[in-house]
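One structure is given here, and the rest of the page talks about it.
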Amino acid sequence: MRQQAIGQTGLTAGRLSYGAMRIAGTWNPAEVDSATREAGKKALIAAYEAGYTLFDHADIYCRSMCEDIHGELMRDIPSMRDEIIIATKCGIRFGGDPNPDSPHRYDFSKEHILASCDKSLGHLGIETIDIYQLHRPDLLMDPSEIAEAFDILHRAGKVRFFGVSNFLPSFVTALQSALTEDLVVNQVEIHLGRLDCFTDGTLDQCLALGMTPLAWSPLGGGWLGEGGTVPPGSPRHHLLALLDSMAVSYEVTRTEIALAFLLKHPSGIVPIVGSTRPEKIRQAVRATEIELSREDWYRLLVAARQAPLP
């Protein structure tokens, strides 16, 4: 059952989101066929039926093909649109766009933000994006120019809320100072192998401002999850052994313990599950039912740090 939403965004505490980055089965649009489209739709349906409320996209995921596949599914299941939150991102431009000699870069110009939003709306087949995020910090970003673009999109009804991705606190502060609306999310890499956000001010800022941290790659690309491995001799073997031991104690899987570690934090971290296997998508939801003890949380933290606390 879908839980009561936090605030107006519809983001829900203690829940998971679904990352649609892999639903095309490839990063090359030329390799997408009817079979890969159907497999992607099955993954999306599994997440929807399992109660995932936020679906995470970006315009660069298989060059918008992932947005396309989800758009097709929402036309097949019209009721889905009203029951989920659609998030997507812009700002990364590949080499060769728009000219052959154009470099890979980040672009938060008003023109690019507005054009990218219209394209994503078309691919998704929707009238409004629930949460629109800037993908990676553009070192040339002009907060006032971004604010103007956001205001145009909001007043036109094309975007409900705005957020960022991979932003350090200083970038968030600089951008927020120019906006009339609060940023609602910061999507960053957080997992037991990447603890920076716990100490660099990112999660502290989320707590202070009421932003929701979205955790991409919450299983470290898979090595933290059930069946994941690390190279022989890696100091991370101890962490995996501890995860396995806790999984036995809590009668769950290693994947669920690794996700429960993130869910424990008071900032309300929402892990983004990226598996395309329906059974794994459904299994991950069980992490929301685990209440790690404070002692076990710190045992995992120390093992992940590979050093005692000060």
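Some points to look at:
- Within the stretch 215-246, being acidic (Asp, Glu) and surrounded by 17 or more Cβ atoms within 10 Å (Cβ to Cβ) holds for one residue alone: Glu226.
- Top-ranked residue in the stretch 243-285 [being over 18 Å from the mean Cα position of the chain (by Cα) and acidic (Asp, Glu); ranked as nearest to Glu49 (Cα to Cα)]: Glu279
- Leu124 vs. criteria of a type outside the set (Lys, Arg) and touching an Asp or Glu at 6+ places or on another chain (Cβ under 6 Å): yes
- Identity of the residue in the stretch 189-212, among the aliphatic types (A, V, I, L, M) and more than 13 Å from Ser267 (Cα to Cα), that ends up surrounded by the most Cβ atoms within 10 Å (Cβ to Cβ): Leu192
- Residue identified as surrounded by 17 or more Cβ atoms within 10 Å (Cβ to Cβ) and either more than 26 Å from Pro213 (Cβ to Cβ) or free of Cβ contacts under 8 Å to residues at least 12 places away in the same chain (or both) among Ile113, Ile85, Ile69, Ile92: Ile69
- Count - residues of the stretch 174-188 that are over 15 Å from Gly163 (Cβ atoms) and either charged (D, E, K, R) or buried (at least 23 other Cβ atoms within 10 Å of the Cβ) (or both): 0
- Residue match in the stretch 271-283 (condition: touching a residue at least 12 places away in the same chain (Cβ under 8 Å), outside any helix (DSSP H, G or I) and touching a Pro at 6+ places or on another chain (Cβ under 6 Å)): yes
- Residue check, Arg254 over 14 Å from Ser17 (Cα atoms), touching a Phe, Trp or Tyr at 6+ places or on another chain (Cβ under 9 Å) and of a type in the set (Lys, Arg): no
- Boolean, Ile131 is of a type in the set (Val, Ile, Thr) and over 30 Å from Ala284 (Cα atoms): no
- Gly201 vs. criteria on the phi > 0 side of the Ramachandran plot, touching a residue at least 12 places away in the same chain (Cβ under 8 Å) and not charged (D, E, K, R): yes
- Of all residues making up the stretch 286-309, the number that are assigned to a helix (DSSP H, G or I), over 24 Å from the mean Cα position of the chain (by Cα) and without any contact (Cβ under 8 Å) to a residue 60 or more places away in the chain: 6
Conditions (1) touching a strand residue (DSSP E or B) at 6+ places or on another chain (Cβ under 6 Å); (2) of a type in the set (A, V, I, L, M); (3) modelled with pLDDT of 95 or more; (4) over 14 Å from Ala20 (Cβ atoms), marked per residue:
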position: Phe55; (1), (2), (3), (4): yes, no, yes, no
position: Asp68; (1), (2), (3), (4): no, no, yes, no
position: Gly71; (1), (2), (3), (4): no, no, yes, no
position: Ile77; (1), (2), (3), (4): no, yes, yes, yes
position: Gly91; (1), (2), (3), (4): yes, no, yes, yes
position: His104; (1), (2), (3), (4): no, no, yes, yes
position: Asp142; (1), (2), (3), (4): no, no, yes, yes
position: Glu145; (1), (2), (3), (4): no, no, yes, yes
position: Lys158; (1), (2), (3), (4): no, no, yes, yes
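- Residues in the stretch 198-245 that are out of contact with any His (no Cβ under 7 Å at 6 or more places or on another chain) and of a type in the set (Ser, Thr, Tyr): Thr199, Thr202, Thr212, Thr229, Ser234, Ser245.
- Filter pass, Arg75 being under 24 Å from Pro29 (Cβ atoms) and of a type outside the set (Gly, Ala, Ser): yes
- Boolean, Leu214 is assigned to a strand (DSSP E or B), within 25 Å of Met21 (Cα to Cα) and of a type in the set (A, V, I, L, M, F, W, C): yes
- Top-ranked residue of the stretch 132-143 - restricted to ones that are out of contact with any Lys or Arg (no Cβ under 6 Å at 6 or more places or on another chain) and over 17 Å from Asp182 (Cβ atoms), ranked as surrounded by the fewest Cβ atoms within 10 Å (Cβ to Cβ): Leu139
- Among (1) touching a Phe, Trp or Tyr at 6+ places or on another chain (Cβ under 9 Å); (2) surrounded by 17 or more Cβ atoms within 10 Å (Cβ to Cβ) - the single one His104 does not satisfy: (2)
The values are calculated or read from the model by the stated rules, or taken from the named source; none is laboratory data. These numbers come from a predicted model, not from an experiment. Neighbour counts are summed over all protein chains in view; Cβ atoms, including those assigned to glycine, are modelled from backbone coordinates with ideal geometry.
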